[in-house]
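What follows is calculated from the coordinates using simple rules that are stated; it is not laboratory data. Everything numeric here is computed off the predicted structure, so don't read it as measured data. Here Cβ is always computed from backbone atoms with ideal geometry, including for glycine, and neighbour counts include all displayed protein chains.
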Amino acid sequence: MSSLPEPRLELLRSETRTGYRLDTLLLEVGDGELAPVDVALPLQGEGPFPLVIVNHSHGGDYERGRREMTVSSSYLQQPSYAEALTGMGYAACCMDMRLFGDRGGRTESELFKELLWQGKVLWGLMVEDTLRLADAMASREDIDASRIGTLGMSMGGLMAWWLAAVDTRIRVVVDICGQVDAETLIMKRGLDHHGLYSYVPGLLQAFATLDIQRLIAPRPRMSLNGRSDRLCPLEGVQLLDAGLRETYAEAGAAGSWQSVIGGGGHRETAEMRARWQRFLREHL
């Protein structure tokens, strides 16, 4: 049982944007940490709304954080996630991950080293924070807790599939340029293309990447990747696709797993945007 208090979102401000209301809140996530969260709600309809948990990317931009939901990064399509998702009738939320946005102030290497000394793992804390966010959002009367999905790009895509693997409340998963097979990344000498945040000591002694991702089946998942993305080597994307096609077929849900390999590199393309929006409409 968790020793954390019941999740609570404290409203800081509310404003009307194009097509949606944006609330900024604080969430207590443990370790004395208060995480800022932006929640976008459709202006039309009364709810409860299905929810998409948006996980922001890394991109070396520690200032942006949760604001990526409302202002697209250069490698994301327009309109923003917030405008696109609320326009589809969904609520959306995005939290500043540790080190990002209003939770900044330390370098990634500094925090990673400190946590190692304390016997903690940065990625584990990031996942735990996101689970805490899911708890808080699922407790709201304006959110349909039976219809929660998640999506993200790059680091956010990695978080999307990790979150779904450990939390069965996540009904639909969309990860964009986040399909990284650890063994392939080592083989391709691509470790330095990624930040320190996601490296979990001893992970590969117990689990392959495919072992973790299989936990999502048979829930619907779409993974979108660029053929020339060196952060997500194509060989690894194809390896995971083959394993997951087998897993979903064995679960009687072959159509619920979709791997989309498009042109280009580490970015969301117009094709990707259209594909994941159709996928969400079908499954959430």
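Below are the figures for this structure:
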| read-out | value |
| --- | --- |
| Cα centroid separation, the range 177-234 to the range 96-147 (Å) | 20 |
| Mean shadow area of the range 209-284, taken as a quarter of the surface of its Cα convex hull (nm²) | 4.9 |
| Cα-derived Rg to Rh of the range 149-277, Kirkwood definition | 0.93 |
| Choice from GLY105, GLY149, GLY89 showing the highest fluctuation, given a GNM over the chain with Cα pairs closer than 10 Å | GLY105 |
| Charge context of VAL52, other residues only, Cβ under 11 angstrom, K/R +1, D/E -1 | +2 |
| Exposure proxy ranking, count of Cβ atoms within 10 Å, fewest first, for SER198, SER109, SER259 | SER109, SER259, SER198 |
| Rh by Kirkwood over Cα pairs, then Stokes-Einstein D for the chain at 0.890 mPa s and 25 °C, µm²/s | 129 |
| Loop-located trypsin sites (Lys or Arg not before Pro) in the range 221-284 whose Cβ has at most 15 other Cβ within 10 Å (DSSP) | ARG227, ARG230 |
| Helix-only CD estimate at 222 nm, as mean residue ellipticity for the chain, using -39500 (n - 2.57) per DSSP H run (n ≥ 4) | -9500 deg cm²/dmol |
| Convex hull of the range 3-95 built on C-alpha atoms - directionally averaged projected area, nm² | 6.9 |
| Environment charge of LEU203, counting only residues whose C-beta is closer than 12 Å and scoring Lys/Arg +1, Asp/Glu -1 | -2 |
| Over the chain, relative contact order from alpha-carbon pairs under 8 Å, at least 6 apart, % | 16 |
| Fewest-first sequence of LEU116, LEU224, LEU185 by Cβ atoms within 10 Å of each Cβ | LEU116, LEU185, LEU224 |
